[in-house]
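Novice: Below you'll find the structure I mean.
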Ligand SMILES: *Cc1c(COP(=O)(O)O)cnc(C)c1O
């Protein structure tokens, strides 16, 4: 593990080399309709088409690839009910190591099944009576497993940053890069990559209106903790930024803005109707900011991270209909 204060672009290059062949180099999509709506040149990095359906595979894969033989023998451990669980389970199974995922008993059946399907051992807990950090610490101790958290880890940050590296390599220099924000793994990594590859590019994080802890944190200079935000962007229902993430975000991110659930739904609809892609609500954060005038983009070359596409079809239908 590299210390955050020393993280630099070469760490992202090394991450890219580690995940090469395992992660897809996802396409950069363009749309004349989107460009006309925004009056800008938009470049969409389609991580909804990444393995297991989200960019989280990059960070998980990079972190596990750095394990020593001893760590590999004992396996990897995490707690998550979302895309990180599937990312860890799949990365571990590709490398032939064990993965244990701690999930709440009431996690959606689909997610439990997907995680098991990728070979992960799912350990259910009662989120109203038990504490997942304690269960994690106990399992780590008993089984010698290494805990890889969903965002607050330098190797996770550098893995996620490879998405922006590929985007800038494929699209060329950008004026602006918009990135969805939850705990800050994706934003920190992408900002670190952009600082070297497209130095004059401004980097902006986009989080749900219901939970602007990232915006408050960046503006006040310290990590702000909020109650669990009520939003359809379930991948960004985080209550605070990670320590490692905040350190990088403070150095390289220009601003953090918010979008509403209504803007996310309209963006899901736009992606389905006009670009023929399925994007989950959280995956729409950055695009919603560009397409709804939340960030001025006119005349600019704008990179937009589409972070994931995991939404079950019944929910997708409900959200795009409303
Ligand atoms: C996890 C996730 C995010 C937020 O990423 P962080 O690294 O926690 O900021 C955004 N979109 C999707 C689809 C995710 O799964």
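The values are calculated or read from the model by the stated rules, or taken from the named source; none is laboratory data. Just so it is clear, the model here is predicted, and its values are computed rather than measured. Please note: Cβ atoms are built from the backbone with ideal geometry, for glycine as well, and neighbour counts cover all protein chains shown.
Novice: Search the range 28-37 for residues being in contact (Cβ under 8 Å) with a residue 40 or more places away in the chain and outside any strand (DSSP E or B), and hand back the single one that is farthest from residue 175 (Cα to Cα).
Specialist: 33
Novice: Further question on the same structure: Within the range 24-32, does at least one residue satisfy the condition of being under 20 Å from the mean Cα position of the chain (by Cα), surrounded by 16 or more Cβ atoms within 10 Å (Cβ to Cβ) and within 16 Å of the ligand (Cβ to nearest atom)?
Specialist: Yes, the range 24-32 has at least one match.
Novice: List the residue pairs whose Cβ atoms are under 8 Å apart, where the first residue sits in the range 288-299 and is surrounded by 19 or more Cβ atoms within 10 Å (Cβ to Cβ), the second is part of a loop (DSSP other than H, G, I, E, B), and the two are 6 or more positions apart or on different chains.
Specialist: 288/294; 289/295; 290/40; 290/297; 297/39; 297/40
Novice: When residues of the range 38-71 are filtered for being near the ligand (Cβ under 10 Å from one of its atoms) and part of a loop (DSSP other than H, G, I, E, B), how many remain?
Specialist: Residues that pass the stated criteria total 2.
Novice: Still on this structure: For the structure I just gave you, tell me whether residue 205 is under 17 Å from the mean Cα position of the chain (by Cα), at pLDDT 95 or above, part of a helix (DSSP H, G or I) and crowded, with 22+ Cβ neighbours inside 10 Å.
Specialist: In short, no.
Novice: Which ones in the range 172-191 are over 12 Å from residue 45 (Cβ atoms) and either more than 13 Å from the ligand (Cβ to nearest atom) or not in a helix (DSSP H, G or I) (or both)?
Specialist: Selection gives 172, 173, 175, 176, 181, 182, 183, 184.
Novice: Output yes when any residue across the range 74-84 is part of a helix (DSSP H, G or I), under 17 Å from the mean Cα position of the chain (by Cα) and farther than 16 Å from residue 167 by Cβ, and no when none is.
Specialist: yes
Novice: Only one of 217, 198 is within 15 Å of the ligand (Cβ to nearest atom), surrounded by 20 or more Cβ atoms within 10 Å (Cβ to Cβ) and more than 18 Å from the chain's Cα centre (by Cα); which?
Specialist: Of the residues listed, the single one that is within 15 Å of the ligand (Cβ to nearest atom), surrounded by 20 or more Cβ atoms within 10 Å (Cβ to Cβ) and more than 18 Å from the chain's Cα centre (by Cα) is 217.
Novice: Out of 184, 161, 189, I need the residue that is surrounded by 24 or more Cβ atoms within 10 Å (Cβ to Cβ), touching a residue at least 12 places away in the same chain (Cβ under 8 Å), within 18 Å of the chain's Cα centre (by Cα) and at positive phi. Which one?
Specialist: The conditions single out 184.
Novice: Something else about it: Could you list, in sequence order, the residues of the range 222-242 that are closer than 16 Å to residue 151 by Cβ and within 16 Å of the chain's Cα centre (by Cα)?
Specialist: Selection gives 233, 234, 235, 236, 237, 238, 239, 240, 241, 242.
Novice: Pairs only if they're at least six apart or on different chains, beta carbon under 9 angstrom, first in the range 131-151 and touching a residue at least 60 places away in the same chain (Cβ under 8 Å) and closer than 15 Å to residue 72 by Cα, second away from the ligand (no atom under 16 Å from the Cβ) and in a loop (DSSP other than H, G, I, E, B); list them, first residue then second.
Specialist: Cβ pairs passing all conditions: 143/75; 143/98; 144/75; 145/75; 145/98; 146/67; 146/75.
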